Amino acid sequence: MNIAVKPIIAACLGIACLSVSGCMYHSKHDTYYLISNNLKLPYWKTMYTGFTKAATDYGVTAQLAGPNDFDPAAELTAFKQTVAAKPAGILISIADANLLREEIGTAIDANIPVITVDSDAPLSARLFFIGTNNLAAGHLGGQRLVEKLKDKGNVVFYTIAGQPNLQERLKGYQDILATHPQITIVDVFDTKGDPGAAFDQTEKYLGKTGADKIDAFVSLESSAGKSIADVLKNKSVTDREVIAMDVNPDTLNLIKDGSIDCTVSQKPFTMGYYGLKMLDEVHHNLPKPFQTNYGVDSFARYPMFVDTGTAIVDKKNVSVYLEGATAAEAQQ
């Protein structure tokens, strides 16, 4: 072979490698982190499954970090430690936007892409948000609540104080209830991410009678729905409405047996999968300057928000979600 031709052939083989298999584009040394709170919940296990599936497809490395319980300070520590490890990118659900705002800026300054997922920090330097349109999710749940209460009754909400996504969901419910004055919000209870606290508080709510009777219980986060339903089942109470959040197996089975009316579904697998995909894209095509405010840039490479979708799950369609969950588990 003519020696002069060899570099040309080598270059062509390199181009083919990039375009077909990505073998020079990706590397196991490219490590991406998913960071959140309450990692023991099925919701985050599902998201991490999507995150790791994308890592496998792209030939990169996925890592999970953060506390098993709701602990914003511990999440901050996990974020700092992750930034110090100089990863290829970070996907993070925000427990406390104020607490993490400065640290997200530090990561961006170090050319580490940060994308928020599930819960946003819109005033930070994060690139963009992937997740549910939480205001729309609240509107969806609110419409169902009005329908089930037939325009009259007392309702309590279960939340985790300080989380932007839950605040937006509550605002969505409030928007709908504002035009239905005979439905009263009696309380918004902060569970602090503890299902046991939700259980105990539900027992207290059941003590209210007469005009103070609680007619509906609404969980804005994924863990309280089961606790509420368990209390009602233990007390043989069947004349109350329960609206949950997310499609973990416990919630779906409680919808199937009638203990929960419905839940508002999200797509955590999709959030995780698409989150890693976009981090990888940014990492390998880092914009210059990286600190551009994309929110006011009409020629930005990225959106400000990727909506992964919501739906109401009730007895009519719960079997479809249960079948999907079973199939996904079998593939893991």
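Taking region 139-148 as the region of interest, how many residues are open to solvent by less than 20 Å² (accessible area, probe 1.4 Å) and touching a residue at least 60 places away in the same chain (Cβ under 8 Å)?
Going through region 139-148 one residue at a time, the tally reaches 2.
When region 262-278 is examined, which residues are found to be of a type in the set (A, V, I, L, M, F, W, C), touching a helix residue (DSSP H, G or I) at 6+ places or on another chain (Cβ under 6 Å) and either assigned to a helix (DSSP H, G or I) or under 10 Å from Ile130 (Cα atoms) (or both)?
Within region 262-278, Phe269, Met271, Leu276 qualify.
Since Lys277 meets every condition but one in (1) open to solvent by 70 Å² or more (accessible area, probe 1.4 Å); (2) without any contact (Cβ under 8 Å) to a residue 60 or more places away in the chain, which condition does it not meet?
Of (1) open to solvent by 70 Å² or more (accessible area, probe 1.4 Å); (2) without any contact (Cβ under 8 Å) to a residue 60 or more places away in the chain, only one is false for Lys277: (2).
Output the residues belonging to region 179-193 that are open to solvent by 50 Å² or more (accessible area, probe 1.4 Å), out of contact with any Lys or Arg (no Cβ under 6 Å at 6 or more places or on another chain), within 15 Å of Leu149 (Cβ to Cβ) and not β-branched (Val, Ile, Thr).
Pro181
Among the residues that make up region 56-72, is at least one of them in a strand (DSSP E or B), free of Cβ contacts under 8 Å to residues at least 60 places away in the same chain, under 18 Å from Asp96 (Cα atoms) and open to solvent by less than 30 Å² (accessible area, probe 1.4 Å)?
yes
For region 293-311, name all the residues that are among the small types (Gly, Ala, Ser), loosely packed, with under 15 Cβ neighbours inside 10 Å and in a loop (DSSP other than H, G, I, E, B).
Scanning region 293-311 gives Ser298, Gly309.
For residues that are among the aliphatic types (A, V, I, L, M), part of a helix (DSSP H, G or I) and within 20 Å of Ala197 (Cα to Cα), tally how many sit in region 139-176.
The qualifying residues number 2.
Scan region 73-90 for residues that are of a type outside the set (A, V, I, L, M, F, W, C), outside any helix (DSSP H, G or I) and open to solvent by 30 Å² or more (accessible area, probe 1.4 Å) and jot them down.
Selection gives Lys86 alone.
Tally time: how many residues in region 280-292 are open to solvent by 10 Å² or more (accessible area, probe 1.4 Å) and either at pLDDT 95 or above or not in a loop (DSSP other than H, G, I, E, B) (or both)?
3
Name the residue, out of Leu166, Leu177, Leu140, that is in contact with a helix residue (DSSP H, G or I) (Cβ under 7 Å, 6 or more places away or on another chain), modelled with pLDDT of 95 or more and of a type outside the set (Ser, Thr, Tyr).
Leu177
Six or more apart or on different chains, Cβ under 9 Å: which pairs go from a residue in region 161-179 that's in contact (Cβ under 8 Å) with a residue 40 or more places away in the chain and more than 10 Å from Leu220 (Cβ to Cβ) to one that's surrounded by 15 or more Cβ atoms within 10 Å (Cβ to Cβ) and among the polar types (S, T, N, Q)? Could you list them?
Final answer for the pair search is Pro164/Ser119; Pro164/Asn134.
Evaluate region 120-129: report whether one residue or more is open to solvent by 30 Å² or more (accessible area, probe 1.4 Å) and in a helix (DSSP H, G or I).
No, because not a single residue in region 120-129 is open to solvent by 30 Å² or more (accessible area, probe 1.4 Å) and in a helix (DSSP H, G or I).
Is one or more of the residues making up region 247-262 closer than 26 Å to Tyr32 by Cα and open to solvent by less than 20 Å² (accessible area, probe 1.4 Å)?
No, every residue in region 247-262 fails to be closer than 26 Å to Tyr32 by Cα and open to solvent by less than 20 Å² (accessible area, probe 1.4 Å).
Considering region 28-55 alone, what residues qualify as being outside any helix (DSSP H, G or I) and either without any contact (Cβ under 8 Å) to a residue 12 or more places away in the chain or within 13 Å of Val117 (Cβ to Cβ) (or both)?
Result: Tyr32, Tyr33, Leu34, Ile35, Ser36, Asn37.
Only one of these is assigned to a helix (DSSP H, G or I) and of a type in the set (Val, Ile, Thr): Thr179, Thr184, Thr202. Name it.
Exactly one of Thr179, Thr184, Thr202 is assigned to a helix (DSSP H, G or I) and of a type in the set (Val, Ile, Thr), namely Thr202.
Does region 90-119 hold any residues that are charged (D, E, K, R) and on the phi > 0 side of the Ramachandran plot, and which are they?
Within region 90-119, Asp118 is the sole residue that qualifies.
The values are calculated or read from the model by the stated rules, or taken from the named source; none is laboratory data. Predicted model, so just to flag it, every value in this text is computed and none were measured. Neighbour counts are summed over all protein chains in view; Cβ atoms, including those assigned to glycine, are modelled from backbone coordinates with ideal geometry. Each accessible area value is taken on the protein alone, full model and side chains, heavy atoms only, with ligands, DNA and RNA left out. Shrake-Rupley method; radii C 1.70, N 1.55, O 1.52, S 1.80 Å.
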